[in-house]
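Notes follow the structure.
FYI, it's all coordinate maths here, none of it is from the lab. This structure is a prediction, so every number in the text was calculated from the model and none was measured. Cβ atoms come from the backbone with ideal geometry, glycine included; neighbour counts cover every protein chain shown.
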Amino acid sequence: MAGASVKVAVRVRPFNSREIGRESKCIIQMSGNTTTIINPKQAKDNKSFNFDYSYWSHTTAGHASNTMY
């Protein structure tokens with residue numbers, strides 16, 4: 001398909017009841033179109049990815065605002 005393009009979006013969802021019950025920690029951070037997965041065991045081993053759209057729906061504060069980037 002000539003001229004076709006794909007847009008990719010990512011969303012961080014709220015924890016489910018099982019994750020809440022286990023007191024899980026959110027290891028995702030968003031800044032603009034960049035989403036970073038934080039390795040809690042090795043801080044230097046974080047992975048970052050760029051997406052066309054990033055949506056923050058998680059319930060914890062401090063990682064990103066609740067708006068689309």
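Taken residue by residue, the range 40-47 has at least one member that is surrounded by 12 or more Cβ atoms within 10 Å (Cβ to Cβ) and either β-branched (Val, Ile, Thr) or in contact with a strand residue (DSSP E or B) (Cβ under 9 Å, 6 or more places away or on another chain) (or both).
Picking from residues in the range 7-40 that are free of Cβ contacts under 8 Å to residues at least 24 places away in the same chain and of a type in the set (A, V, I, L, M, F, W, C), the one that is nearest to Asp52 (Cα to Cα) is Ile37.
The set of residues in the range 9-21 that are assigned to a loop (DSSP other than H, G, I, E, B) and surrounded by 10 or more Cβ atoms within 10 Å (Cβ to Cβ) comprises Arg13, Pro14, Phe15.
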